[in-house]
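Input: a single structure, listed below in structure tokens.
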Amino acid sequence: MKVTQVLVLSLLAASAVVWAQTPAATPAAAAAPDAKVAPAAPAATPAAPAPAVAPAPAAMPAATTAGDVTTGKAAWYGKKFNGRKTASGQRFNSAAFTAASNTLPFGTMVRVTNVKTKKSVTVRINDRGPKQADRIIDVSRAAAAKLGMLKSGTAEVEIKVVAPARAKVAKKAKAAAKPAPKQ
């Protein structure tokens, strides 16, 4: 069967389902317009898989306090992004101890501990990410090397806030997130 034939057949099937679900299309509704008609059962459709992309981060993530702890999967990113601007406006340096988080404010210092190896490193949040829903943080290549996760690419980690973002850093990030005034 050609692709166009498949598309036409699926379009016809979809319109038939919609037509069958309208009240005027049922014989009871045509015979007695004021009669109550039971709604047609919804057509069985296969459940769509959940998207693999994390939801877009809020403009300003919630404030954190020292000692906040969370666990989840971490990944690392490096060469491809080296030298590019991060969401905070800084240039990404894969040799620096930095990380990307969708939930922590820029400038927050966190201690990332590999649950399996117990190796840990302190990083500063300066970017937004990860883009995949099953991850909680992306660390730089340098941080990944310290954590012992270069080969695997990902690792189960514990993240503990060491120092919340300073007001000055948070203020800069908020200003950067505002759209430019119209002139």
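Under 9 Å by Cβ, and 6 or more places apart or on different chains, what pairs join a residue from region 95-111 that is free of Cβ contacts under 8 Å to residues at least 40 places away in the same chain with one that is surrounded by 20 or more Cβ atoms within 10 Å (Cβ to Cβ) and among the β-branched types (Val, Ile, Thr)?
Filtered contacts from region 95-111: ALA100/ILE125; ALA100/ILE137; ALA100/VAL139.
Those residues that are out of contact with any helix residue (DSSP H, G or I) (no Cβ under 8 Å at 6 or more places or on another chain) and surrounded by fewer than 16 Cβ atoms within 10 Å (Cβ to Cβ), I need them from region 71-99; list them, please.
The answer is THR71, GLY72, LYS73, LYS80, ASN82, GLY83, ARG84, LYS85, GLN90, ARG91.
Within region 120-167, count every residue that is part of a loop (DSSP other than H, G, I, E, B) and either touching a strand residue (DSSP E or B) at 6+ places or on another chain (Cβ under 7 Å) or open to solvent by less than 70 Å² (accessible area, probe 1.4 Å) (or both). Reasoning before the result, please.
Within region 120-167, the subset part of a loop (DSSP other than H, G, I, E, B) is 128-131, 133-134, 148-153, 164-166.
Then keep just the ones that are either touching a strand residue (DSSP E or B) at 6+ places or on another chain (Cβ under 7 Å) or open to solvent by less than 70 Å² (accessible area, probe 1.4 Å) (or both); that gives 128-131, 133-134, 148-150, 153, 164-165.
Counting residues in region 120-167 that are part of a loop (DSSP other than H, G, I, E, B) and either touching a strand residue (DSSP E or B) at 6+ places or on another chain (Cβ under 7 Å) or open to solvent by less than 70 Å² (accessible area, probe 1.4 Å) (or both) gives 12.
May I ask you to verify whether THR103 is among the hydroxyl-bearing types (Ser, Thr, Tyr), surrounded by 14 or more Cβ atoms within 10 Å (Cβ to Cβ) and at pLDDT 95 or above? Lay out the reasoning, then the answer.
Numbers: among the hydroxyl-bearing types (Ser, Thr, Tyr): yes; surrounded by 14 or more Cβ atoms within 10 Å (Cβ to Cβ): yes; at pLDDT 95 or above: no.
For THR103, the condition - among the hydroxyl-bearing types (Ser, Thr, Tyr), surrounded by 14 or more Cβ atoms within 10 Å (Cβ to Cβ) and at pLDDT 95 or above - is not met.
The values are calculated or read from the model by the stated rules, or taken from the named source; none is laboratory data. What you see is a predicted model, and the numbers here were worked out from it, not measured in a lab. As a convention, Cβ positions derive from the backbone with ideal geometry for all residues, glycine included, and neighbour counts pool all protein chains shown. For accessibility, only protein heavy atoms count, side chains too; no ligands or nucleic acids. Shrake-Rupley method; radii C 1.70, N 1.55, O 1.52, S 1.80 Å.
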